[in-house]
Structure formats: C-alpha cells, structure tokens
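No lab work stands behind these numbers, since they all come straight from the coordinates. Model, not experiment: these values are computed from the prediction. Cβ: placed from backbone, ideal geometry, glycine included. Neighbour counts: every protein chain shown.
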Amino acid sequence: MKYMEKIEKRKSIREFRNRPLEAKAIEEIRAFLPQAMKLCPGIDVDLCVVTKPDAGDKLEGVAGYRGKCFHAPAYLVLLSEKADFYMENAGFITEDICLKLTEMEISHCWLTIHDGEAVKKALHIESDKEAVTILACGYGKKERTKKRLDIFTPSNVSFRERDGHVAPKISQDEMVFQSRWGKKVEWDEGGMDPLLDKAFYAASLAPSFLNRQPYRYLLQGNRVLLCVENEEMTNDNDTLLDIGATLLNFDAIASQQDRVDWSMGSPGGTKDLGIPGQYEVVAYYDWE
Ligand SMILES: Cc1cc2nc3c(=O)[nH]c(=O)nc-3n(C[C@H](O)[C@H](O)[C@H](O)COP(=O)(O)O)c2cc1C
C-alpha cells in the first residue's frame with residue numbers, strides 16, 4: 001500500500017473486538033521497528049508488545065485521556081533512550097507504526113502518557129529506557145458502534161457513539177503559509193511543486209493530541225519552517241509527539257523525491273515573518 005493511501009485511511013479507533021492479535025501479526029509489528037522511518041536514527045528505541053489479558057485493567061487510570069485505555073487486546077509501548085529530540089523522534093516512529101497497522105488492517109489509538117514510569121510499572125516492563133508512546137490496538141468493532149471523541153478540555157473529554165468517523169482537521173490551506181504568516185499559498189498558480197503540495201496535505205492528516213493540530217508550516221523561499229503553538233491544553237511531551245507525527249506524514253511523501261533532512265530548532269532570521277508570539281519555529285529544511 002502506498003504511503004498516501006495509508007495516511008488517508010488512518011484514523012483512531014477506540015473500541016475493540018475481543019479477539020487477540022495473531023502471533024504472526026505480532027511478529028510482523030515487531031519486525032517493523034528496525035525498518036520504521038526515524039527522525040533521529042541515532043536514538044536507541046525498543047518496542048514492547050503487551051498482550052496480557054489484564055493489561056487494559058492495569059493501564060486504566062494510568063494512560064489515555066481521563067485515564068481511559070479502551071481495554072484493547074494489545075498495547076504497543078515504544079521505549080526510548082533520552083537524547084535531544086527523543087520525543088519528536090518517538091512521535092515520528094509511532095506515526096509510522098500507525099501507518100503500518102493501518103496497512104495490516106489493525107485498529108489502533110494513541111494513549112497519552114502522564115507518567116512513563118507508572119506505565120512501565122503497570123505493564124511490568126523492565127527497561128532503562130523511557131516509555132514514550134503507547135498505542136492501544138486490536139481489531140476494531142464495526143463502524144456504527146464506534147466511539148466519537150468530543151473534546152472540550154483535557155479534563156472534559158467525552159466518548160459518544162456516532163455514525164461517521166473522520167475527526168475534522170484544519171485543511172492544508174489553513175495550515176500552510178507562504179512568505180509571511182497568514183499569507184495563503186496560491187496552490188494553483190503553478191508555483192508549488194506538486195510533491196510538496198501532497199506532502200503538506202499528508203502533514204495535515206496526522207493524528208494529534210486532542211486533535212488540536214498545534215502546528216503550522218511557513219514557506220520562506222525554498223525553506224520550509226515548522227511552527228508550533230505553545231498552548232495550555234497540551235502538555236509539552238504531547239506537543240513534541242504531535243510534531244513528530246506531522247513530520248512523518250510530510251517526509252513519507254516528500255522523501256519520494258529526495259531525502260528530507262530536518263534541522264531541529266530555528267534557523268534564526270525569522271523575526272520579520274509575522275509569526276505570532278505564541279508560536280515558535282521548531283524545525284526547518286531546504287527543499288531542493
Ligand atoms: C500525542 C497524542 C496523544 C493522544 N492521546 C490520546 C488519548 O489519550 N486518548 C485518545 O482517545 N486519543 C488520543 N490521541 C488520538 C487523537 O485524539 C486523534 O489523533 C485525534 O482526535 C484525531 O483523530 P484521528 O486520529 O482519527 O485522525 C492522541 C494522539 C496523539 C498524537
């Protein structure tokens with residue numbers, strides 16, 4: 001399956017059938033980690049697949065919005081050594097795992113982590129590395145019974161049943177600016193490389209904490225800047241994971257032409273771009 005197809009198909013599923021993952025599927029997921037795309041390839045990571053029947057009970061109250069972890073047949077815990085940008089790298093890898101699961105038709109949902117040590121303790125994971133992401137996964141229930149996520153604030157999140165399934169996202173048009181903050185891109189004027197156009201579209205479909213999509217892209221000549229909002233509703237780690245997830249979607253498409261090599265942080269010289277005070281430039285790279 002091509003990356004764009006997986007990116008468009010991926011969605012969070014929060015209700016699972018009582019059917020365990022087959023050993024073959026678990027093997028395939030484990031074998032995927034070394035092949036998964038990495039933002040910082042030098043950072044050592046492990047993937048722990050937890051299938052114990054009581055794992056959901058143990059995790060309840062420990063991970064997920066309002067401590068809800070959906071009693072899935074399996075939990076995938078990504079463990080990472082601590083290093084510069086290890087959270088962004090974890091978000092990047094986890095999104096690639098989500099796309100792999102999408103291809104395997106295994107339903108899944110991210111669970112926010114408040115305390116990585118508590119997660120390791122609950123799931124009896126012994127590792128020196130930090131538990132950085134968790135995916136609840138299994139075979140999802142039929143669409144009509146899917147839980148809808150209504151987000152008001154992190155402490156006021158409700159899950160209701162709904163018919164449709166797609167979480168509304170801001171469009172690529174609202175997410176990308178050209179030359180200056182707020183200046184819309186003229187996508188149809190022939191000035192935009194078609195692959196870059198697709199990469200931004202893919203980036204706009206990434207999962208994000210509370211679906212808040214806290215990032216915006218700004219094109220400054222052939223330089224792509226990623227700006228992120230520091231907002232109260234999202235804790236720092238989730239924002240960093242969101243950055244990784246949107247960058248994975250972008251890179252999965254853009255790297256079809258050339259290697260995408262993000263520099264983390266700000267290149268400087270961005271003062272005159274009109275970037276609002278609550279946003280900061282967190283990554284950039286030069287498109288050839
Ligand atoms: C870092 C991160 C943490 C998340 N934590 C949770 C969570 O704890 N519980 C949950 O139900 N969904 C969680 N999600 C999933 C988002 O709510 C979901 O991606 C968003 O609502 C958009 O929906 P979609 O994934 O179907 O496109 C998380 C996503 C990310 C990227």
Between beta-carbons, use under 11 Å as the cut-off and find the net charge around Tyr285, counting Lys and Arg +1, Asp and Glu -1.
-> -3
222 nm mean residue ellipticity, helices alone, for the chain (DSSP H n ≥ 4; -39,500 (n - 2.57); rounded to 500) | -8500 deg cm²/dmol
Charge dipole of the chain about the Cα centre (unit charges at C-beta), most positive-ward option of Phe85, Pro207, Leu273 | Pro207
Overall form of region 3-145 per C-alpha gyration tensor (a/c, 1.5; a/b vs b/c) = oblate
Which distance in Å, rounded to a whole number, links the C-alpha centroids of region 236-255 and region 11-67?
-> 18 Å
Mean separation of Cα contacts under 8 Å (at least 6 apart) over the residue count of region 3-145, i.e. the relative contact order in percent, is 35 percent
Give Lys9/Lys120; Lys100/Lys169; Lys100/Lys120 a once-over and call out the pairs whose C-alpha atoms are over 28 Å from each other.
-> Lys9/Lys120
Which angle between 0 and 90 degrees, to the nearest 10, do you get for helix 23-32 versus the longest principal axis of the chain when only C-alpha atoms count?
-> 30 degrees
Place the peptides 243-252, 206-215 in order of packing, highest mean first, counting for every residue the other Cβ atoms within 10 Å and averaging per peptide.
-> 243-252, 206-215
Contact order relative to length for the chain, counting C-alpha pairs under 8 Å separated by 6 or more residues, stands in percent at 20 percent
Report the calculated FRET efficiency for Lys184 and Asp54 (r = Cβ-Cβ distance, R0 = 45 Å), to the nearest 0.05.
-> 0.30
Grab the alpha carbons of the chain, take their convex hull, and tell me the volume per residue in Å³.
-> 130 Å³
Please report, to two decimal places, log10 I(q)/I(0) for region 172-286 at q = 0.14, 0.18, 0.24 Å⁻¹ as given by the Debye formula with identical point scatterers on the Cα atoms and no solvent.
-> -0.53, -0.90, -1.62
Roughly how tilted is helix 194-204, in degrees to the nearest 10 and between 0 and 90, from the longest Cα axis of the chain?
-> 40 degrees
Could you tell me how many degrees, from 0 to 90 and to the nearest 10, lie between the Cα long axis of helix 86-103 and the main elongation axis, the longest principal axis, of the Cα atoms of the chain?
-> 70 degrees
